[in-house]
1. Taking 0.36 nm per residue of sequence separation and subtracting the Cα-Cα distance, how much length would be gained by fully extending the chain between Arg166 and Gln128, in nm to one decimal?
2. I need the per residue convex hull volume for the stretch 118-231, using only the alpha carbons, in cubic angstrom as a whole number.
3. So between Arg88 and Glu291, what do we pick up on full extension, going 0.36 nm a residue minus the alpha carbon distance?
4. In the neighborhood of Glu92, defined by Cβ-to-Cβ distances under 13 Å, what is the net charge if each Lys or Arg adds +1 and each Asp or Glu adds -1?
5. What ranking of Trp215, Trp146 emerges when the number of other C-beta atoms within 10 Å of each C-beta is taken as an exposure proxy, fewest first?
6. Report the net charge of residues surrounding Ser161, where surrounding means a beta-carbon distance below 10 angstrom and charges are Lys +1, Arg +1, Asp -1, Glu -1.
7. Which value in Å does the Kirkwood hydrodynamic radius of the stretch 17-305 take, with 1/r averaged over all unlike C-alpha pairs and then inverted?
8. Tally Lys/Arg at +1 and Asp/Glu at -1 over every other residue whose Cβ is under 13 Å from the Cβ of Ile292; what's the total?
Amino acid sequence: MPSRSGTHTYQRESGRTRATERAAHGFAALPALFTFTVDVESHPGGGGAAAPTRRLLDLLEATGSLGTFFVLDEVARADPALVREIARRGHEVASHGHTHRHLAAEGPAAFRTGMVAAQRRLADLCGQAPLGYRAPYFSLTPAAGWAPGVLAELGFAYSSSILPARNPLAGWPGAPSRPFRWACGLLELPVPVGRIGPLALPFLGGMYLRWLPGWRLRSLSRDWAARGDSGALWSYCHPYDLDTAARLVRRADTGRLASLMLWLNRRSTLPRLQGLLQGRTSVPFAARLGEIGASAVAWGPREGSEAKYGADDLGEGLGPSPNLTPPKA
Ligand SMILES: [Zn+2]
């Protein structure tokens with residue numbers, strides 16, 4: 001049952017019902033089961049992650065859904081009560097890493113050390129170790145091919161860190177668009193992408209969900225559903241996508257235009273997320289691993305090359321590019 005505060009917030013927000021209905025119509029072709037995911041991180045100029053994360057918790061509660069929250073270790077350190085609340089309200093708590101940097105820039109040694117600490121903190125806060133990981137910026141790219149091996153070694157069961165296409169920010173062209181298993185045993189859940197000409201866009205999340213026109217979201221949803229072999233459906237968002245009171249601040253990690261685009265158009269986020277949840281149930285990844293894993297294909301670097309890196313790589317911060325084998329259907 002929704003809590004009093006949850007229902008109250010949801011009702012107050014549901015004033016934009018026409019926008020929600022339009023969004024729901026646009027997503028109608030998508031399956032009834034999906035996973036609503038959140039990358040819990042803060043954003044410069046905003047009021048922090050806590051308030052908008054609680055709005056997302058209220059939204060999920062009011063619609064009877066549970067999601068997966070990938071928490072950045074910096075947030076877990078600063079606001080342990082928020083992490084406990086996410087877990088207490090029934091959601092899966094997973095890791096968004098220990099710092100918001102591209103994996104390839106970080107390197108295997110720093111990644112491993114940071115992830116051990118991040119994993120321990122979430123385990124202490126939630127009473128169980130996280131099963132899932134999402135790389136900042138979907139930065140599991142060929143230059144970070146060592147990361148799945150490190151995650152498997154630390155006991156993670158799955159990652160949802162790959163954008164399976166060429167993308168200006170980060171991507172792994174040629175990776176399967178459906179769930180697959182790395183040779184180390186880690187399950188990978190690539191972000192669902194929609195194609196517009198040569199572009200492959202993770203249309204159910206972040207800036208894409210905010211900026212794409214409604215008719216485009218509808219056609220991408222239809223195309224995704226029509227492909228049939230697209231695999232597990234999931235969406236993603238950030239607390240700051242809802243933070244309409246934030247000031248415009250140029251982010252250190254992006255250009256001026258990207259900073260502006262990340263700041264504008266945040267009012268469209270909530271009705272679109274509500275539309276996605278209308279007539280659809282979100283189940284955390286942790287509860288879907290059996291079903292998803294059963295049909296996962298095997299894919300990745302050739303046997304023996306994965307997760308092996310020499311002393312040079314540990315110092316340099318860039319792992320070897322793996323030799324790719326074609327996806328097994
Ligand atoms: Zn992030």
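1. Details: separation 38, 0.36 × 38 = 13.68 nm, distance 3.56 nm.
Length gained between Arg166 and Gln128: 10.1 nm.
2. Numbers: hull volume 14.1 nm³, N = 114.
Dividing the Cα hull volume of the stretch 118-231 by its residue count gives 124 Å³.
3. Working: separation 203, 0.36 × 203 = 73.08 nm, distance 2.48 nm.
Using 0.36 nm per residue and subtracting the Cα-Cα distance, I get 70.6 nm.
4. Numbers: positive: Arg88, Arg89, Arg134, Arg288; negative: none.
After counting each charged neighbour, the total is +4.
5. Values: Trp215 9, Trp146 27.
Lowest to highest Cβ neighbour count: Trp215, Trp146.
6. Details: positive: Arg134; negative: Glu188.
Neighbour charge sum, excluding Ser161 itself: 0.
7. Working: mean 1/r = 0.0527 Å⁻¹.
In the stretch 17-305 this quantity evaluates to 19.0 Å.
8. Numbers: positive: Arg178, Arg181, Arg288; negative: Glu188, Glu291.
With Lys, Arg at +1 and Asp, Glu at -1, the neighbours total +1.
Throughout, read-outs are computed from the coordinates displayed, never taken from laboratory work. Computed from a predicted structure; not experimentally measured. FYI the Cβ positions are ideal-geometry reconstructions off the backbone, even for glycines, and counts take in every protein chain you see.
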